[in-house]
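Every number here is computed from the coordinates shown, using simple stated rules; none is lab data. Since the model is a prediction, treat every value here as computed from it, not as a measurement. Virtual Cβ from ideal backbone geometry, glycine too; neighbours counted across all protein chains shown.
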Amino acid sequence: MSVSEQLVQSVFKTIPPRLRGPGGAVAVVKDGHLLGQTVWGYADLEKRIPMTADTPIPICSISKQMTCAVLLDLERNPTSSMSKGDVRGQFEAELKRLLRPEITKDGKLSLEHLCDNRSGIRDYWALTTLWGAKPEGRFDLDKDGPKARDRLRSFHFEPGTEYSYSNTNFHILARIIEKVSGESFEVLLGERVFGPAGMKTARLCADTSKLPGPCVGYEGDEKRGYTPAVNRIEWDGDAGIVASLTDMVAYEGYLDRNLSDPTSWYRTALEPSQYGDGTPTVYHYGLSHVDVEGVETIGHGGALRGFRSRRLQVPRERLSVVAMLNHESEAGTLAEHVLRGIMNLQRPQLPVVAPNPDWFGTFIDDRNFLAITVSPSVKGKVSIYYAGYPESVTLTDPGHGVSRDMKAWIKLDALVIDRLKDHRSIRAVRVVQSNTPMDNTFYQGEFYCAEIDSTFHCYDQGGVMFGAFDGFLGEGPAKPMRYIGGHVWTLACPRGMDAPAPGDWTVVFECKKDAVVGLGLGCWLARSLYFVKK
């Protein structure tokens with residue numbers, strides 16, 4: 001398809017009414033060349049420094065595909081210090097050395113499981129909450145990274161059987177890459193990604209408290225005001241790269257060139273992969289495969305407190321969109337809006353179906369310790385809160401609905417969800433809510449999870465329940481808890497070390513002989529953890 005500069009500019013003009021915030025940058029690349037870009041707002045509101053195409057911005061989790069690029073390139077072109085022979089075997093051996101034997105001894109965990117988010121290893125940024133972290137606290141790669149890895153002693157599903165987003169996977173990959181190659185991850189990125197791509201100002205900036213200026217990331221919105229975000233975590237492999245829009249345009253051109261090279265890492269990353277039962281995966285080598293109105297796109301998003309980014313590519317059209325923001329609006333929604341405008345993609349118009357009232361309420365997935373809330377949405381839809389954010393599901397009949405990532409249906413008090421991307425089916429039952437006043441003191445106490453070395457404190461403070469965690473990162477702040485029904489509560493977690501935060505944690509107390517003996521705890525990034533009452 002041909003795309004004119006005039007069309008791109010007309011689509012760009014629709015952005016300001018849709019997106020409010022300090023600043024942003026968007027580019028469209030066609031056939032490897034810049035077709036159009038737009039930049040607006042300020043990199044720094046207080047100093048009135050305008051955003052430009054050369055302003056460095058954290059691209060966060062877009063870094064994951066570059067981690068995989070280094071990994072795949074090392075297999076083709078090993079460093080001089082690497083042993084001759086089976087490079088993948090060297091990586092796998094380091095994987096076993098790096099992690100505890102509890103999760104490597106049976107050989108089920110593979111390097112590709114890490115690259116594809118199919119490892120079953122819980123997300124370490126979610127777990128930092130359970131290790132006593134404060135949202136604006138410090139996480140040091142060299143000091144805290146080994147302690148975090150040492151506390152990974154089990155999976156929340158068997159490796160290879162499901163998908164679950166986990167930054168831990170790519171943190172581990174970077175450690176493996178450095179150890180086996182004998183070179184720093186920063187140097188490898190420069191030599192094997194930034195250099196070949198012509199990303200002249202891109203760099204690894206693992207310490208988020210030392211991001212290069214002048215760009216400031218902002219929390220908040222127009223109603224509450226914008227506040228400079230404070231970040232103090234160190235990360236690489238899962239994130240950590242800073243790049244300008246100009247750098248990302250060069251990167252898109254580099255990927256376009258790689259599309260026609262059957263020996264390139266990118267062509268390898270785009271090859272179809274599947275689960276053991278033959279079901280295709282939708283995440284492979286740090287790249288997410290997303291259908292946008294019938295058009296296959298490849299890309300990834302990124303987030304850090306105060307920043308959001310998204311790149312997506314339509315390989316068959318050699319068309320890419322990059323969106324970068326220094327605030328917390330949805331860069332993914334923006335990138336897809338631009339793509340729809342350029343390709344004239346229309347959302348399908350489906351008949352409006354009234355929902356069965358049985359949809360609404362809270363349901364519990366006992367196996368994973370996850371509460372799922374279904375609430376009304378716009379006409380013809382319901383909103384399902386499961387993965388840390390509300391997802392809009394279009395009703396196909398009063399009891400069935402579908403979205404990009406799930407199919408769901410309700411029958412009386414049973415909610416069934418097929419998480420298509422996750423390759424997981426969920427059977428949840430309604431939590432019966434009670435109007436009887438709750439005796440919070442029944443649930444008070446201290447609980448310990450040996451699996452991850454975390455202590456949970458449950459307090460009643462004047463009739464309001466709070467929870468707090470202690471661990472190797474310190475004593476975390478108290479967080480309000482909300483009673484759902486039965487023995488099910490939720491613990492609010494709107495802010496964490498990483499962003500977006502994992503959202504509410506579900507707390508399911510276990511009782512025997514009218515006494516609490518333990519609790520199950522889970523969020524979508526870290527499920528199925530059990531704490532014993534002390």
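By counting other Cβ atoms within 10 Å of each Cβ, how are Val242, Val230 ranked from fewest to most?
Going from least to most buried by this count: Val230, Val242.
Show the residues, 5+ positions off or on another chain, whose built amide H is closer than 5 Å to the amide H of His487.
none
Excluding residues fewer than 8 places away in the same chain, name every one of the lysines whose C-alpha is closer than 28 Å to that of Lys513.
Partners found: Lys533, Lys534.
If you average the alpha carbon positions of the range 251-288 and of the range 88-112, how far apart do those two centres end up, in angstrom?
Using only Cα atoms, the two centres lie 23 Å from each other.
In the structure displayed, which of Lys13/Lys47; Lys84/Lys179; Lys134/Lys223 lie more than 20 Å apart, Cα to Cα?
Going by Cα-Cα distance, Lys13/Lys47; Lys134/Lys223 fall outside the 20 Å limit.
Once the cut-off is 20 Å, how many percent of the Cα-Cα pairs in the range 357-430 end up in the long-distance tail?
16 percent
Short version: ³J(HN,Hα) in whole Hz for each residue of the range 502-518, in order, from phi by Karplus 6.51 cos²θ - 1.76 cosθ + 1.60 (θ = phi - 60°), x for Gly and Pro, what are they?
x, x, 5, 8, 8, 10, 10, 6, 9, 10, 9, 6, 6, 9, 7, 10, x
Could you put Glu136, Glu252, Glu336 in order, starting from the residue whose Cβ has the fewest other Cβ atoms within 10 Å?
Taking fewest neighbouring Cβ atoms as first place, the list is Glu136, Glu336, Glu252.
Please work out the C-alpha center-to-center distance from the range 382-443 to the range 152-189 and express it in whole Å.
31 Å
What whole-number value in cubic angstrom gives the convex hull volume per residue for the C-alpha atoms of the range 389-451?
Hull volume over Cα atoms, normalised by residue count, gives 167 Å³.
What is the order of Cys511, Cys60, fewest Cβ neighbours within 10 Å to most?
Least crowded to most crowded, the residues run Cys511, Cys60.
Sorted by mean Cβ packing within 10 Å, highest first, what order do the peptides 20-30, 379-389 take?
Highest-to-lowest ranking by the protection proxy: 20-30, 379-389.
Could you pull out every residue, at least 5 positions away or on a different chain, whose amide H is within less than 5 Å of the one on Gly120? Hs are placed 1.01 Å off N in the peptide plane, and Pro or chain starts have none.
Gly160, Ser164
Any idea what the relative contact order of the range 357-430 is, in percent, if you count C-alpha pairs under 8 Å spaced at least 6 apart?
Normalised by residue count, the contact order of the range 357-430 is 24 percent.
Using each residue's phi in the range 40-54, evaluate 6.51 cos²θ - 1.76 cosθ + 1.60 at θ = phi - 60° and report the 3J(HN,Hα) Karplus result to the nearest Hz, with x for Gly and Pro.
Once rounded to whole Hz, the list reads 9, x, 10, 6, 9, 5, 5, 8, 6, 8, x, 6, 9, 5, 9.
Once amide H atoms are built 1.01 Å from N in the peptide plane, which residues 5 or more positions from Ile49, or in another chain, come under 5 Å H to H?
Under 5 Å from the amide H of Ile49: Ala43, Asp44.
Using a cut-off of 14 Å between beta-carbons, work out the net charge of the residues near Cys205 (Lys and Arg +1, Asp and Glu -1, Cys205 not included).
-3
Under a point spin-label approximation (7 Å from Cα along Cα-to-Cβ), what is the Lys513-Val532 distance to one decimal in nm?
About 1.7 nm separates the two model spin labels.
Convex hull volume of the Cα atoms in the range 1-140, per residue, in Å³?
239 Å³
Using the Karplus curve 6.51 cos²θ - 1.76 cosθ + 1.60 with θ = phi - 60°, work out ³J(HN,Hα) for each residue of the range 56-64 in order, rounded to whole Hz, and write x for Gly and Pro.
x, 9, x, 9, 6, 6, 4, 4, 4
Among the lysines, which have Cα under 21 Å from the Cα of Lys407 when same-chain residues fewer than 8 positions away are ignored?
Correct list for Lys407: Lys379, Lys381, Lys421.
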